[in-house]
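Inspection log for the structure reproduced underneath, given as structure tokens.
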């Protein structure tokens, strides 16, 4: 069998030309696909994060699963299997937050806790709700959900809560329950 180069060369040229013409630049399409991806930066199991300020432990967060999305434009971390946060007040007292699910928004420093949320204070007070937001920047708690609060003086349910971390300034919606109120004389009134 004789190999005829003159017959093969035109066929190779036509085939190559067809390939070049049919190929297009998909670089922009690939970039667009990759920028729309919502893949996490990392995933960690059984984590323990210790938050410190000036060598003083502020809080310890533990969770069975942590998914880190800080690679996205709107950075956040997800705790889909729940979390526990033990935080310490200025006097070193230990307080605890438990939730079935959590989201930590890095840029706003807002934490969204969902599902059987319990805030247990060192003094025995307990706040229970289905969703609670914690504004770490302003040390403020709020929810639009129904909640229960119990301590030595209070035992009530209400809808909506807006309070500082010490519960010394708070607003609620309609209250249901028992509240102990003490009345003192007005210092401006003379007898």
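A short reminder: the numbers here are calculations on the coordinates, not readings from a lab. None of these values were measured; they are calculated from a predicted model. All Cβ positions, glycine included, derive from the backbone under ideal geometry; neighbour counts span all protein chains shown.
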Checklist outcome for this item: Of 82-89, 134-141, ordering from highest average Cβ density within 10 Å down gives 82-89, 134-141
Item to check | Contact order relative to length of segment 39-179, as percent, for alpha carbon pairs under 8 angstrom and 6 or more apart | outcome: 12 percent
Checklist entry - Taking a label point 7 Å from the Cα of residue 116 along the Cα→Cβ vector, which residues of segment 69-109 have an amide N closer than 19 Å to it? => result 79-86, 96-103
Checklist entry - So if R0 is 25 Å, what FRET efficiency would residue 155 and residue 130 give, r being the distance between their Cβ atoms, rounded to the nearest 0.05? => result 0.85
Item to check | Cα-based Rg / Dmax (Å) for segment 39-179 | outcome: 15.5, 49
Checklist entry - Can you tell me the Rg and Dmax of segment 91-151, counting just the alpha carbons, in angstroms? => result 11.6, 34
